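Below is one structure, written out as structure tokens, with a few remarks after it.
The values are calculated or read from the model by the stated rules, or taken from the named source; none is laboratory data. Owing to the predicted nature of the structure, the values given are computational and were not obtained by experimental measurement. For neighbour counting, all protein chains shown are included, and Cβ atoms are generated from backbone atoms with ideal geometry for every residue, glycine included.
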Amino acid sequence: MFLASKLFWLLAQPLSLVFILLVLSFLLAAAGFRRLYRFLSGLAATLLFLTLFTSTGAVMLQTLENRIARPASLPADLSCIIILGGAFENEVIAKRGGIELNQAADRFVEGLKLAQSHPSARILISGGDGSFSGQYDGDAQTSETFFSTFGIAPERLIREDQSRTTFENAANTKHLLEANGLSNCALITSAFHMPRSVGLFRKLGIAVTPWPVDYRTSGEATLGPDFSQPSLNAQLTTTAMREWTGLVAYFISGRTHVLFPQ
């Protein structure tokens, strides 16, 4: 399932779809199917324009980020802080050492902040090696170095290092929470990823307080042309499409109760 989802996304992301449509259109043109060639090449051009030169991706991502707001505060008796992985550049770390964080670094920066303000709470990090090769440390492993650097005792950490998907994050976390007698937990992940995560945790009967981080839109984006930042537009569109695809897939497969959890 993991490899199938990885391979599917390699083909289904917007710029990959543009390339596939162009190749198909050229093959059809060579075979004499001029109408289909014009249709597919036009579709490819439209998708490329929407991806690079409009705010479509920002609006789609913003809708996800606005779905679940961060509460004003966390319970004073918080017993556990759950952090979903995806913030460390583990392939780079394996070659160069150190601690290298990516765009989702807020997951661990905010996790550290909450760990310092709630010193009695355990910290559960869920994230194995999500690479094709499976030869690198996952975020659960790398996080021990990160937290110890800032004075967080290793015995506070609970590492879930087998998961490669969000569903596995939730399922494996459930077992660890039960084994350690923990409840009343905060859940930290990127704001755009929070609806799917909350939907999975609820389906498994895990009550959490959502604590979204890593916002990538201003919250005020409107749909329209945007020629100023095509590379960023492509990144936002790709991230949004991947997350919306995940929401649909998990709902259809019965892993969440509703299509768009709130």
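Considering the conditions (1) touching a residue at least 24 places away in the same chain (Cβ under 8 Å); (2) within 26 Å of GLY130 (Cα to Cα); (3) small (Gly, Ala, Ser), SER16 is excluded by exactly one of them, (1).
Inside segment 207-222, can you point out the residues that are of a type in the set (A, V, I, L, M) and under 19 Å from the mean Cα position of the chain (by Cα)? First the steps, then the outcome.
Narrowing segment 207-222 to residues of a type in the set (A, V, I, L, M): 207-208, 213, 221.
Across segment 207-222, the qualifying residues are VAL208, VAL213.
Of note, GLU155 does not satisfy the criterion of being farther than 19 Å from THR189 by Cβ and at pLDDT below 95.
Residues that are surrounded by fewer than 14 Cβ atoms within 10 Å (Cβ to Cβ) and not in a helix (DSSP H, G or I) do not occur anywhere in segment 229-238.
Among the residues of segment 200-211, the one identified as in contact with a Phe, Trp or Tyr (Cβ under 7 Å, 6 or more places away or on another chain) and either surrounded by 24 or more Cβ atoms within 10 Å (Cβ to Cβ) or within 12 Å of ASN169 (Cα to Cα) (or both) is LEU200.
Of everything in segment 151-167, what is touching a helix residue (DSSP H, G or I) at 6+ places or on another chain (Cβ under 8 Å) and not hydroxyl-bearing (Ser, Thr, Tyr)? Give them in sequence order.
Going residue by residue through segment 151-167, those that are touching a helix residue (DSSP H, G or I) at 6+ places or on another chain (Cβ under 8 Å) are 152, 154, 156-167.
If the condition is that a residue be touching a helix residue (DSSP H, G or I) at 6+ places or on another chain (Cβ under 8 Å) and not hydroxyl-bearing (Ser, Thr, Tyr), then ILE152, PRO154, ARG156, LEU157, ILE158, ARG159, GLU160, ASP161, GLN162, ARG164, PHE167 are the ones that fit.
Annotation: of all residues in segment 1-44 being touching a Leu at 6+ places or on another chain (Cβ under 9 Å) and of a type in the set (Gly, Ala, Ser), the one that is surrounded by the fewest Cβ atoms within 10 Å (Cβ to Cβ) is SER16. If you go through segment 101-111 and pick out every residue that is assigned to a helix (DSSP H, G or I) and surrounded by 18 or more Cβ atoms within 10 Å (Cβ to Cβ), you end up with 5.
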